1. Using the Karplus equation 6.51 cos²θ - 1.76 cosθ + 1.60 (θ = phi - 60°), what ³J(HN,Hα) coupling, rounded to whole Hz, does each residue of the stretch 29-37 give in order, writing x for Gly and Pro?
2. Please give the calculated 222 nm ellipticity per residue for the chain, where each DSSP H segment of at least 4 residues contributes -39500 (n - 2.57) and the sum is spread over every residue; nearest 500 deg cm²/dmol?
3. Quick one: net charge around Val33, please, counting Lys, Arg +1 and Asp, Glu -1 for every other residue with C-beta under 9 Å from its C-beta.
4. Expressed in whole Å with the largest first, what are the equivalent ellipsoid semi-axes of the chain derived from the C-alpha gyration tensor as the square root of 5 times each eigenvalue?
5. Note down the net charge around Asp49, summing +1 for each Lys or Arg and -1 for each Asp or Glu among other residues with Cβ under 10 Å from its Cβ.
6. Between Ile11 and residues 5 or more places away or on another chain, which pairs have amide H atoms under 5 Å apart, with H built 1.01 Å from N, and which residues are they?
7. Considering the options Tyr20, Tyr4, Thr36, tell which one lies farthest towards the positive end of the dipole of the chain, charges being +1 on Lys and Arg and -1 on Asp and Glu at the Cβ, about the Cα centre.
8. Quick one: dipole size for the chain, taken about the Cα centre, charges +1 on Lys/Arg Cβ and -1 on Asp/Glu Cβ, in debye to the nearest 20.
Amino acid sequence: MKEYKVVQPKIGFRNRNQKYEDVLNQYARDGWVVNTIFQSTGGVLFERDKNR
């Protein structure tokens, strides 16, 4: 079974790419995998196995 999380990163205007990358890497360390990036809002849908 999978579980999902929607995140709306608050990254500001300076160093946007680096901050966005940092957010993605932090969730990856916690076992989350990017499923979808919503271009209109910048939100990210993560998924991972619930019974890890």
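Any read-out appearing in this document is the output of simple, stated calculations on the displayed coordinates, not a laboratory observation. Just so it is clear, the model here is predicted, and its values are computed rather than measured. Positions of Cβ are backbone-derived with ideal geometry, glycine not excepted, and every protein chain shown enters the neighbour counts.
1. These are the phi-based 3J(HN,Hα) values: 4, 8, x, 7, 10, 5, 9, 8, 10 Hz.
2. Counting only the DSSP helices, I get -8500 deg cm²/dmol.
3. Working: positive: Arg48; negative: Glu47.
Net of charged neighbours comes to 0.
4. For the chain, the ellipsoid semi-axes come out as 22, 12, 7 Å.
5. Net charge in that neighbourhood comes out at +2.
6. none
7. Checked the options; the winner is Tyr20.
8. 120 debye
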